[in-house]
Each structure stands twice: as C-alpha cells, then as structure tokens.
Amino acid sequence: GAALDSIRSFFHVSESEMGWLVAIFTLFSVIACPISGLLGDFFGRKTMLGAASVIAACGTLLCAAATSYTVLVAGRAITGFGVGAGIAQAPIYLAELAPVHERGFHSTQIEVYLNFGMVLGFVTGLLTVRLGSPMDFRVMCGLGVLPTLFLMALLPQAPESPRWLLSRGLDSEARNALHSAGVPEQEAQQTMLEMRRELAEEQRTSWGLLQHLSETATYQSFAVTIGLSICVAFSGVDVITYYSGALLQASGLDDETDLRCCLVLMGIIKTFMVVLGSLTIDIVGRRPLLMASCAGMSCAGFLLLVPGLCSRYVPFTLAGIMSSLGCFGFGLGPSYYTMISEVWPTHMRSAGSSWSNAVTNILSCMIQCSFYTAVQFMSLAGTISLFAACSMLSVFLVHYTIPETSGRSLEEINSTRRQSLVDLSLQGVGELSRRQSQAAVFSAQSWQPGSHSAAWQQHTSDEEHLTQLHKR
C-alpha cells in the first residue's frame, strides 16, 4: 500500500490500471489455491511449500526490476500465484504436524508472520519515503524476497506431514515425523492408530472421491468453511487494510510522513493482537474468539470509525481502524486458517482447504472491486456501517453453525462430522473444558511408568491389525 503513490507517479497509470495492479494479486491467488490443493495430495505438503516459495521469489524480483507497467503486473500475478499456493498448503501442513493441544497455536503462526511482514512493509515504506520514485518501491519489492529465501533455506530440515506419509504407506516415516514435531510418544501412538483407522475406513468405500462428495458430513465441512469465508470477507478487513490511507485522508490527514507513521502503528497493533490470539486460542477455544472478534469489529465500526469519518476527526478514525484490525487479528484472522484445516478429513483436507481459501479470495476480490461503487451510492461512512452490520450478524452465524474443534485430534473431528452442526457448536465450550481437564490428567499419568501396560498392549494389537488392513 505504501508503494502505490510511487508506482502511480513513475509509470503514469490511471486509477483503473492501479485497481488491476492490486486485484491481479488476489485473482492469481484464487487460481493457485485449487491447483496447489490437488498437487499437494500427490507431491506432499512440504514439496508444494518449496515450489510456492520459488514462484513467489521470482515474482517479487520481477516487480523490483520492472521497467514497464506490463512487467509490473506480470510480477504481481506471479507473486500472487506463489503466495496463494503457499497459503493453501501452510495451514494444512501445520495442523497435520502439530500436537493436538498445541495445534491452534502453531496454525495461527501463519497469521502472525503475515502481519509481521505487513509491519515490515510499513516500516520500509516509512524509511524509503525520502528515496523518491522509483527507488522506494523497488527497494520495498526487493526486500520482499528475503522471507521466501529464508523459508527455502529451512524447509529441507523440516519433516513432511505425517498424515500424508501414512496415506502413501510410509508408516515409519510418519512416526518419525510426529516425533520430530515434538509429539509425545503416547500421543504419537494414539495418533497413528486413529490415522490408520480413518484411512482403512476410507479405503473400504468403492466410490472413492464421488462417495465422499455425496456424504452429508462433507456438506457440513463445506458449510463450516463457507461460513468462515463469509465472516472474514464481509467483515471488511481487506477494505480497511488496503484503503486505510484513503480513510485517514478522507478524515483530514494529508501529511505523507504522518500517514505512513499511522500505518506502522496500525500494523504493530494488529500484530500484537494476532500474537495474543495465538497464545489463547487453545485455552479459550475457537468459537469464543470468533464471536468476540466479530462483535468487536462491529462496535469499532459503529462507535469509532463511522463517527470519525462523518465528523472528519482523525483520532476517531485512527482509533476505529486500529480497533477493527486488532479485533480481527485477535479472533477471525488466526481462527480462520486454523479451522479450515481442521474440519476436513485427511483425503479431502488439501482440496477442501484450498477451495475454502479460493472462495474467501473471490469474495474479498468482489468486495474490493465494488468498494468505490458502494461509496458512490452510500458514502464512505455508509459503506463502513454496512460492514459493521455484517460483523454483528456474523456473531449469530458463528454461534449456530461453527463447531468447537479445540482439544480434538483431526481424526476425532472427522468422526464427529456426522453430528449436526448445531449440536457440535452448542456442546463445544463444555466439551473443551472437559477435554482440557482430561489432557491434564493424561499428562500427569504419562509420567508414571508402567501405568498403562494393558492399554498399550491393546493399542499394539489394534495397530498391527490396522496396518495389515491398510497395506492390503
């Protein structure tokens, strides 16, 4: 966002061309999501993350070296494709690798580092404001390649997803991947048993993917992810993020340095709230954070942002933007990536999560493209009021349709998909408390040697039976 003015003045592009430059990134992210989901089932999660990093790095370097508007658009498109492919695989990879009671924390690290990168972008924009066009946007784009290079350097040391390895019959590699991720031995044994049971049950069906697509439980998973996509898109967070500078300028803030300082402050506030949400998501649960986030964004819009725009009072507008982004970062942002990777079974997790990301990007792209049209009909304050009203309605959508998944293994979530969504959502909070108590007892007992010898023998026999069945 900080580079848009520099790009506009250097390439002499119109408003519509600037709109395409912004939207092309989201468009190619939408295209990349389903492709990455399908390829991830064949080549593995880690392989696709590496390929996505290479594509994103090439696109970023092309943007930094662009000598024309066409080359810049091509670089944005390539970067969007790489980012979309990576975002489709990252939450799945983390969810399948993390221990049960830490899965929420690890899955939300995607949102943490996305916001950390946003803050670095704002800081870079502030530091390069004196360089002038075109050096300021070239430096910002060039520095964007560093995170992808860092990921490519560390990825060979990371394990592959244990669930993907087990689906390929690599049992020992799957067990080693769980151990390398810090999963306790007893939990690893239970996880392997549940994964084999799920895979054996899936392979008994003769219709394959068509059979699973026709199941009611699949529709329920699809309904949950679509509900989350609607909550995220219609919260207006993309509009508030991308057009925060325009909102502040509409309230009377004209100095470029002050504007970029405000952007840095907003990025820091949002990142802090995302970190806070990642630390509490496994303790409080997904649903309470989602409802608090939606309610907070609605209140920030109605009580701060809209009055600030109507009265052209910059402190109110700035407080409203920071409150909206902070509330989104506390609940909707991290919980979205966590839950879309939890509600799908192993054989459909990659495709289902990728299509969920694609739907969210499509809705966000439609809202971004129609934002100026909505402003012409309803004014800027009226459009923000509409987003605030949608956030309030999202509270009821989450309460009645989104189940609580915290404290359950991925296989256990899959086994309960056949219950109604309302039953799962209403029992979620009480179930979460009960499971956390059981987890504490489980952790205490796991330090007592020999206390579960009979259970271990039963698990061993079950594992041998399921292994033979799975290999057949």
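When we screen 308, 326, 331, 352 for residues that are touching a Lys or Arg at 6+ places or on another chain (Cβ under 7 Å) and of a type outside the set (Asp, Glu), the only hit is 326. Any residue in the range 65-78 that is under 16 Å from residue 55 (Cα atoms) and open to solvent by 40 Å² or more (accessible area, probe 1.4 Å) sitting within a Cβ distance under 7 Å of a residue that is at pLDDT 90 or above and β-branched (Val, Ile, Thr)? List the pairs, counting only those 6 or more apart or interchain. Every condition considered, the pairs that remain are 78/55.
Residue count for the range 321-359 satisfying the condition of being open to solvent by less than 30 Å² (accessible area, probe 1.4 Å), in a helix (DSSP H, G or I) and either among the polar types (S, T, N, Q) or free of Cβ contacts under 8 Å to residues at least 40 places away in the same chain (or both): 9. Checking 92, 87, 55 one by one, the residue that is β-branched (Val, Ile, Thr), open to solvent by less than 20 Å² (accessible area, probe 1.4 Å) and assigned to a helix (DSSP H, G or I) is 92 and no other.
Identify, please: which residue in the range 268-314 is closer than 24 Å to residue 251 by Cβ and not in a helix (DSSP H, G or I) and is, among those, least open to solvent (accessible area, probe 1.4 Å)? Among residues in the range 268-314 that are closer than 24 Å to residue 251 by Cβ and not in a helix (DSSP H, G or I), the one least open to solvent (accessible area, probe 1.4 Å) is 313. Does residue 384 satisfy being part of a helix (DSSP H, G or I) and open to solvent by less than 20 Å² (accessible area, probe 1.4 Å)? Judged against the criteria, residue 384 is a match. Determine whether the range 317-337 contains at least one residue that is closer than 26 Å to residue 28 by Cα and touching a Gly at 6+ places or on another chain (Cβ under 6 Å). Scanning the range 317-337, I find at least one residue that is closer than 26 Å to residue 28 by Cα and touching a Gly at 6+ places or on another chain (Cβ under 6 Å), so the answer is yes. Of all residues in the range 142-164, those that are exposed (fewer than 14 other Cβ atoms within 10 Å of the Cβ) and either within 23 Å of residue 66 (Cβ to Cβ) or free of Cβ contacts under 8 Å to residues at least 12 places away in the same chain (or both) total 7. On the given criteria, is residue 71 aliphatic (A, V, I, L, M) and outside any helix (DSSP H, G or I)? Here the answer is no, as residue 71 does not meet what is asked. Quick check: anything in the range 216-227 open to solvent by 30 Å² or more (accessible area, probe 1.4 Å) and at pLDDT below 75? Looking for residues that are open to solvent by 30 Å² or more (accessible area, probe 1.4 Å) and at pLDDT below 75, one finds at least one in the range 216-227, hence yes.
One residue alone among 119, 139 is surrounded by fewer than 18 Cβ atoms within 10 Å (Cβ to Cβ) and either without any contact (Cβ under 8 Å) to a residue 40 or more places away in the chain or in a helix (DSSP H, G or I) (or both), and that residue is 139.
The values are calculated or read from the model by the stated rules, or taken from the named source; none is laboratory data. Not measured: the values here are computed from a predicted model. Quick reminder, even Gly has a Cβ in these numbers, built from the backbone with ideal geometry, and neighbours come from all protein chains shown. Protein only, heavy atoms only, side chains kept; ligands, DNA and RNA dropped before computing areas. Shrake-Rupley method; radii C 1.70, N 1.55, O 1.52, S 1.80 Å.
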